[in-house]
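Below is one structure; the comments refer to it alone.
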Amino acid sequence: MENDAQATEGGAEPTPATRRVDDGGGDGDDVPEDVREYERFSKIDGATYERANDFLRDRTYITAREWAMARLCADFRTETGVEMTKIGENLPELVPFMTDTYSPQAVNQARSSFDDKVRKAGATFLYGAMCDFYTAEELDELMYEITEVAKFLLEVEGVELSVDQELDAEERISSVMREVRESSAALRHDECPNCGHELQGDRAADHADD
């Protein structure tokens, strides 16, 4: 799995031809029941890896490989850990656009890469929200665009969201972002930009929590 281990930020995503292929021709009866019943990615049945990867590359910081592994690791977690061997051996059965099997190490590497990118993307976004480069209206517009992409990915995974659930989620996210912006503004200025009260030392942090 040398090619998988080398799939890092900015590097080329390994193509199906470079992944470990299981040529054993397994019997469908050998597929575990929970694998046969897994329907997370059924809405994109028939999609190619390249197509899924291009979509994610254009809109997110993750690859199709990392997206699939993160979801599978969450869904196939037990009290003793993630069933990485089961995920890797049954990958083509679980995700339509993944055509070859993976080793447990490759599954773990892709999941770890997903975690790293979430942390980096989160730090980048939070700095953007706190740095005063954007107005409140611009942040709202940005959050709307981000939320739409995230909702689409959830829908592809088979998550059904009602209109009320979508509106509630959007409102909660917007509320959190308003608090982030107000708190960061209080930390950057001597006076609260909202009420004009002087902010000094610990009082600034206290005021930011109000």
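For this structure, a couple of remarks:
- Per-region count, region 117-149, residues surrounded by 14 or more Cβ atoms within 10 Å (Cβ to Cβ), modelled with pLDDT under 90 and among the hydrophobic types (A, V, I, L, M, F, W, C): 7
- Note on region 32-47: among residues that are part of a loop (DSSP other than H, G, I, E, B) and under 20 Å from the mean Cα position of the chain (by Cα), the one that is surrounded by the fewest Cβ atoms within 10 Å (Cβ to Cβ) is 39.
- Residue match in region 99-106 (condition: at pLDDT 95 or above, within 21 Å of residue 43 (Cβ to Cβ) and of a type outside the set (Asp, Glu)): no
- Residue check: residue 44 meets all listed conditions (1) within 25 Å of residue 149 (Cβ to Cβ); (2) modelled with pLDDT of 90 or more; (3) of a type in the set (A, V, I, L, M) but one, namely (2).
The values are calculated or read from the model by the stated rules, or taken from the named source; none is laboratory data. Just so it is clear, the model here is predicted, and its values are computed rather than measured. Every residue, glycine among them, receives a Cβ derived from its backbone with ideal geometry; neighbour counts consider all protein chains shown.
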